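The values are calculated or read from the model by the stated rules, or taken from the named source; none is laboratory data. Note that this is a predicted model, so its numbers are computed, not measured. Every residue, glycine among them, receives a Cβ derived from its backbone with ideal geometry; neighbour counts consider all protein chains shown. Note: areas computed on protein heavy atoms with side chains; ligands, DNA, RNA excluded. Shrake-Rupley method; radii C 1.70, N 1.55, O 1.52, S 1.80 Å.
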2 protein chains.
Amino acid sequence: MTIATVARHARVSRQTVSNVLNAPHIVREETRQRVQEAIAALGYRASQAARQMRTGRSRLIAVRIEPTRDGINGSVLDRFLHGLTETAEAAGYRTMLYTASDTAREIAAYDDLLSAYDLDGFVLTGTHHGDPRTAWLAERGVAFVTFGRPWDDPEAHPWVDVDGAAGTGRATGHLLARGHRRIGFLGWPAGSGVGDDRRAGWREALRAAGIDPTGLDRETEDGIAEGERSMRDLLATDAPPTAVVCASDSLALGALQAVRAADPPVAVVGFDDTPVAAAVGLTSVSQPLGDAAARCVDLLTAVLDGDQQTPAPVLLQPSLVLRHTA
Amino acid sequence: MTIATVARHARVSRQTVSNVLNAPHIVREETRQRVQEAIAALGYRASQAARQMRTGRSRLIAVRIEPTRDGINGSVLDRFLHGLTETAEAAGYRTMLYTASDTAREIAAYDDLLSAYDLDGFVLTGTHHGDPRTAWLAERGVAFVTFGRPWDDPEAHPWVDVDGAAGTGRATGHLLARGHRRIGFLGWPAGSGVGDDRRAGWREALRAAGIDPTGLDRETEDGIAEGERSMRDLLATDAPPTAVVCASDSLALGALQAVRAADPPVAVVGFDDTPVAAAVGLTSVSQPLGDAAARCVDLLTAVLDGDQQTPAPVLLQPSLVLRHTA
DNA sequence: TTGTAGGCGTTATCAT
DNA sequence: ATGATAACGCCTACAA
């Protein structure tokens, strides 16, 4: 069934049917209705392929599905993808997946997706300093949004992010309110935007409460074993912390093992609110992933539909999910 | 850039370029090479839209992304999706995502995807008795594979599954080898194919060892709290089990809480090897999700490329990942 | 083995 | 406001 079938059924020309679909306002009300009825009666759907060939637009957006790294943090992508697909559907776009094991291959994937499938836009996750992917896309005028700030230049392109500093700040505030003074922090080595941001939130919250954060934090790679080691290290100091905020649930889980037998118990707060946190009762900072995904689609469609060139970035607030550990 | 650009560049007709792409064997070696070089030099890629319009095939397969249910089991989808996308790419197919909150909407989604995007095939996850989705697709001659057996008729359509009974059987065997005799089972209410299968594996393993499984199992909905309750129930019997096999990591986590202070410790085995299991050291049955995804693509492309009408189903073996709890 | 002609379903342009 | 015509890039049939 084609647009011609509908045209015959409604006794109009093909062009009029096309107009009803793409520019309803220029068709006379009565004609419009007749065509709409024919469309409904026939169950007609425009062929994307034909439309795409004519317009050069595919109504497709792409997002990379990463190999689950450490398993614990991997499950955030799940929720993000679902939100993305759902919101995109509502906006008339479909979501396409691609994989890439490194940045060079990812750029090759863009090239393929763009030239073969005419992709309309990309959603990138996890940007870092001097990310070559954003430069490549921007150079070619391809529409894209990142979930994660461009740490070099906040104006570079549309982005959505969660305010990590506010998250760790909130966690620290909660611990302060519970009477803790010596509150530690377990985070990643300096240099990663996300990690530095989360550390800064903790540091500023302590300073605002008149507490010197010096010596209360540790830098380590992500992982359960690493978290345990760093926490033991922290506990072995002259003035060990009575509570600790962590940059990830993995680190928090390790910390939890290190403080297992401590009395009075040492409070632990994680980050990401992964299923693992829920399972073991770990208090954790939760990112609004569904919202974040939805706003990514909003920004991308804003660019694609030409509403504006560079829509304003979106910074979402995380929340603290209280459980047993803090 | 079109096929004509390449043709000019290689000083052949458009048709010859097309032949090099779609039927290389009928082009003279020398000509073929010249065309290949032109393609590479120009970075030419055939437009899927145009190709699709002519051939009616999109080289697109679709898979549903579900809202993360209980968080713990949700993360399996992640790994499956990655494997699927990767294998599909290698076979020249792209993966498209869709959402649906219930079966009726899912069928509506098929309709849309099929008529608007000309989807080549679907991968369904989690089939159940009398699944209307498979009937709908089969009726219309749409290619699809399910990850999960058709419990009514194993010949109904191509499928890939993991042998759940073998998994629980293996777990039970491991516990028997460790000297356990009274081995319990925590599973879901009878009626779900997957649940019944997992229970049967445990039951048969016990019977084969000359042990009567009567009274050693419990039926409950999935969940941590439910697992804990059922385990307590089992421990309160006259002859409580010294070990337990569970139908999911959620149930196992609950069981773990119920047996926390038991001495001698009660062994616990979960199912799915989720990140949570890894985090808490839970021994669990692991499904080869990457393999399963790859075989799904194999079966689907076999149908699409017309190699055979109904390729033989694939039953994969799970493995037992040993950790602290058993 | 290579070239020519036509059409897939849609939308843009232009005429009515 | 509506209709006729052409073109998007490709592949299949057929002719050379």
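Can you give the mean number of other chain Cβ atoms that lie within 10 Å of the Cβ atoms in peptide A:44-51?
Going residue by residue through A:44-51 and averaging, the value is 6.
Across bins of 10 angstrom width beginning at 0, how are the C-alpha pair distances of region B:215-265 distributed, in whole percent?
The percentages, shortest bin first, are 28, 61, 11.
Can you give me the solvent accessible area of A:E219 with a 1.4 Å probe, rounded to the nearest 10 Å²?
110
At A:L42, label 7 Å along Cα→Cβ: distances to the other copies, nm, ascending?
3.6
Seen from all sides and averaged, what is the projected area of the convex hull of the Cα atoms in region A:163-246, in nm²?
Approximately 5.0 nm², given one-decimal rounding.
Give the A-B buried accessible area in Å², both sides summed, 1.4 Å probe, nearest 100.
3900
When the convex hull of the Cα atoms of region A:75-226 is projected onto a plane and the area is averaged over all directions, what value comes out in nm²? Show your work: numbers first, answer last.
On the way: hull surface 46.1 nm².
For the Cα atoms of region A:75-226, the hull's average projected area reads 11.5 nm².
For the Cα atoms of chain A, what angle does the longest principal axis make with the long axis of helix A:75-90, in degrees from 0 to 90, nearest 10?
Roughly 30 degrees between the two axes.
What number do you get for region B:1-108 when its Cα radius of gyration is normalised by 2.2 N^0.38 Å, N = residues? Each step should come with its number before you reach the end.
Working: Rg = 20.0 Å, N = 108, 2.2 N^0.38 = 13.0 Å.
My calculation over the Cα atoms of region B:1-108 gives 1.53.
Let me cross-check A:Y117: its accessible surface, 1.4 Å probe, with only protein heavy atoms counted, in Å² to the nearest 10?
It works out to around 20 Å².
Take the alpha-carbon centre of region A:161-218, take the same for region A:259-326, and report the distance between them in whole Å.
16
Based on Cα coordinates alone, diagonalise the gyration tensor for region B:237-326, multiply each eigenvalue by 5, take square roots, and list the semi-axes in whole Å, largest first.
That gives 38, 13, 9 Å for the three semi-axes.
Could you tell me the accessible area of B:R64 in Å² (1.4 Å probe, neighbours in place), rounded to the nearest ten?
50
Would you mind working out the accessible area per residue for the protein assembly as shown, using a 1.4 Å probe, and quoting it in Å²?
Per-residue accessible area for the protein assembly as shown comes out at 43 Å².
Give me the percent relative contact order of region A:3-138, please, defined on Cα pairs under 8 angstrom at least 6 residues apart.
About 23 percent, as a whole number.
Label position 7 Å from Cα toward Cβ: report the copy-to-copy distances for B:P189 in nm, one decimal, ordered from shortest.
Those separations, rounded to one decimal, come out as 5.4 nm.
Using a 10 Å cut-off on Cβ atoms, rank the peptides A:245-252, A:129-136 from the highest mean neighbour count down. Show your work: numbers first, answer last.
Values: A:245-252: 31.5, A:129-136: 15.0.
Those peptides, ordered most packed to least, come out A:245-252, A:129-136.
Scaled to the compact-protein estimate 2.2 N^0.38 Å, what is the alpha-carbon radius of gyration of the protein assembly as shown, rounded to two decimal places? Mind dumping the intermediate values first?
On the way: Rg = 28.1 Å, N = 652, 2.2 N^0.38 = 25.8 Å.
Scaled against compact globular proteins, the figure is 1.09.
Using a 1.4 angstrom probe with every protein chain in place, what is the largest-first accessible-area order of B:S13, B:S286?
Descending accessible area places them as B:S13, B:S286.
Leaving ligands, DNA and RNA out of it, report the carbon-plus-sulfur percent of the accessible area of chain B at a 1.4 Å probe.
49
Can you give the log10 of the normalised intensity I(q)/I(0) at q = 0.10 Å⁻¹, computed with Debye over equal Cα scatterers of chain A?
Results for chain A at q = 0.10 Å⁻¹ read -0.68.
Around A:T2, with a cut-off of 14 angstrom between Cβ atoms, what is the net charge of the other residues, counting Lys and Arg +1 and Asp and Glu -1?
Values: positive: A:R8, A:R14, A:R45, A:R51, A:R54; negative: B:D118.
Value of the local net charge: +4.
Average projected area of the Cα convex hull of region A:169-326, in nm²?
Averaged projected hull area, Cα only: 10.3 nm².
Take the eigenvalues of the Cα gyration tensor for region A:155-202, scale each by 5, and report the square roots as semi-axes in whole Å, largest first.
25, 13, 5
Within a 10 angstrom radius of each residue's Cβ in B:58-64, how many Cβ atoms of other chains show up on average? Whole number is fine. Walk me through the intermediate numbers first.
Working: counts 3, 2, 4, 0, 1, 1, 2.
Averaged over the peptide's residues, the number is 2.
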